[in-house]
Every structure is written in structure tokens, then in C-alpha cells.
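Quick notes on the structure that follows.
Just so it is clear, none of the values below were taken in a lab; they were calculated from the coordinates. Quick caveat: nothing in here was measured; it's all calculated off a predicted structure. Note that each Cβ is placed from the backbone with ideal geometry, even for glycine, and that neighbours are counted across all protein chains shown.
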Amino acid sequence: MLVIHTIAELRAHLDEHRQNRRKISLVPTMGFLHQGHMALAQKAREESDVVVLSIFVNPIQFGVNEDLDVYPRDLPHDIALCKENGVDIIFAPSVAEIYPEPIMTSVEVQSLSNILIGRHRPNHFRGVTTIVAKLLNIVEPDKIIFGEKDYQQLIIVRRMIRDLSYKAEVVGVPIVREEDGLACSSRNARLTKEDRAAAVILSQSLKKAQKRILEGEKDVSTIRQLIEDNIKSEARAKIQSIDICHATKLDTLDRIDNQPIVILLAVAFGDVVLIDQQLVTPNEKAL
Ligand code: AMP
């Protein structure tokens, strides 16, 4: 496995792979890797001949009061995990390599970027789509792999790739969870022991809501209230948002009919904001 820090060196290696007609997958991450990221790497391994995993904590997707400075980092640990999981190339550029001068150009998927999470994080998705566009231009992958954990991000990137005619195909990977149900996240490492134990309330609330929908509940406000009451039963949890939306269009809904829906949660524990989501197809059989 190679660890590459510059765009020029990465391009030279990838040109050689392309000349040999090898298919390339890209897994973009911000590092401090865990089993969720490794599920993406394994999917990339299945889908292609060369797996590139990028590690870059992208400053332009963080707001001024967000956790850029305290975002966890551990490159030696990330390298060890990638070696065990079939990654061929780690691309870990510096901020100066990616942004040698302040960036004047950005890519933004309108409408989808200022709703849901974008309401609380105004420039976040513009930062995400700009770095993903840059990574697509640097790596020119055949496939790009994203987790369904960051659900809105996945939908936005799919749209950007369609709108801008990138050749890469987007592959989504279901959420990987810890044994107690908490979605794996680099941010979990910043939770206190008490908050870590309390954070299981997210996945528990989602499961309860999913069950009620599959049993036939159609009213979105009833489902939202159920989730809210559940999360509020955990005093350490501070709800930022609960959204119940159409699973592909992301419109908020009043009623659940037969459309596939997604429930999106953002909940803070201390200064750590966790997100989680559950996809529900209402005409699935009740659990
Ligand atoms: P991040 O390093 O948090 O920016 O995440 C990089 C990629 O890994 C994104 O596509 C995430 O959606 C995905 N990812 C993060 N956590 C998980 C998880 N628990 N399960 C599946 N994918 C995940």
C-alpha cells in the first residue's frame, strides 16, 4: 500500500493504472478511520481494481464555530487499518497541497444544500461538493463510494455528478453500527463516557419510529413526536433537528403514503453533534 501526499505523485501512479485498463475507486474520508469507512473500502475493493482512499479534513466545509481544530486525527492508525482492508493508495494531502491559495471557485448544488443539515451549517455542503469536485478531477475514478450515514451528502453528490457529467458512478454503502446500535463515527471518540452510553438513544428512537411506520402510522407529526419524546427521555441529548423526508427528493412530508422515506436526526451531546438516519419503505412488512 502506498501513502501519497501530493497530487502530482498520485496522478503519475493512477495514469499508469489507467494505461493498464484498471478500474479505479475513490473513497473520500476525513480520516480517524473506523469500521464504517472500512465497509466503504471493502465495497470499493469489490467494485474495482485499484482502491484509493483519501484522508483530508477539509477546512472549507467547517463553519467558524465548528470542530475543525479538534477534529480527531491519527494517520498511523489509519494506515494500519487501510493495509488490513485492501486499500491500495492512501492519498493524504496537506491543506497547502489542496488549497495553495484561497479558493475562489466553488461548486454548489442549489436547493438541496440549504435544507435539512444545511439550515444549521450554511456553507457546509458547498465545501463538501467543492472538495469532492476537486478529488474527482485529481483521481478521475470510475466509482466514488459514500456512506448512507451522511445521507444528505450522498444525495447532493449524486446530483452534482449528474449535473456536471462526471464519469464516476456513485456507490452508496449502508450505515455500519457499533454493537449497541450507535452509528460508527470519528466524532464518537470525542464523547464523554456518559454521553457515549446515552448516544444509543438515536438508533433506538429511529428503530421505534420505523416500527410504527411499518405498522401503518401515516401521520408525520405523530412520528416526529414519538422520536422527540424518545430522545428527550435522555437528558444528555439536545435535539438539533428531526426531519422526515422523501428518500430521494428530500422534500419534507406531512403524510407517509407509499413513498420511500428517510428519517434524519442531528442530536448534540455536549459539543459533539451526532447524526443518524433510517430509511423506511412503508410497504415493507411490519417488523
Ligand atoms: P467522514 O470521514 O466522516 O467524512 O466519512 C467519510 C465517508 O465515510 C462518508 O461517505 C461517510 O458517509 C462514510 N461513513 C462514515 N461513517 C459511516 C458509517 N458508520 N457507516 C457507513 N459509512 C460511514
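A few points about this structure:
- Considering only residues in region 117-132 that are basic (Lys, Arg) and part of a helix (DSSP H, G or I), the one that is surrounded by the fewest Cβ atoms within 10 Å (Cβ to Cβ) turns out to be Arg119.
- Test set (1) assigned to a loop (DSSP other than H, G, I, E, B); (2) touching a residue at least 40 places away in the same chain (Cβ under 8 Å) - Asn114 fails condition number: (2)
- Tallying residues that are more than 15 Å from Pro28 (Cβ to Cβ) and outside any loop (DSSP other than H, G, I, E, B) within region 83-96 yields 4.
- In region 179-194, the residue that is farthest from Lys23 (Cα to Cα) out of those that are out of contact with any helix residue (DSSP H, G or I) (no Cβ under 8 Å at 6 or more places or on another chain) and within 11 Å of the ligand (Cβ to nearest atom) is Arg187.
- Residue list for region 145-177, filter: among the aliphatic types (A, V, I, L, M) and more than 9 Å from the ligand (Cβ to nearest atom): Ile155, Ile156, Met160, Ile161, Leu164, Ala168, Val170, Val171
- Candidates Glu140, Glu169 - the one that is of a type in the set (D, E, K, R), at positive phi and surrounded by fewer than 19 Cβ atoms within 10 Å (Cβ to Cβ): Glu140
- Test for Leu135: is it under 19 Å from the mean Cα position of the chain (by Cα), within 13 Å of the ligand (Cβ to nearest atom) and either free of Cβ contacts under 8 Å to residues at least 40 places away in the same chain or surrounded by 18 or more Cβ atoms within 10 Å (Cβ to Cβ) (or both): yes
- Against the conditions (1) without any contact (Cβ under 8 Å) to a residue 40 or more places away in the chain; (2) polar (S, T, N, Q); (3) within 12 Å of the ligand (Cβ to nearest atom), Gln204 satisfies every one except (3).
- Members of region 4-53 found to be touching a residue at least 60 places away in the same chain (Cβ under 8 Å), in a strand (DSSP E or B), more than 9 Å from the ligand (Cβ to nearest atom) and closer than 24 Å to Val173 by Cα, listed by number: Ile24, Ser25, Leu26, Val52
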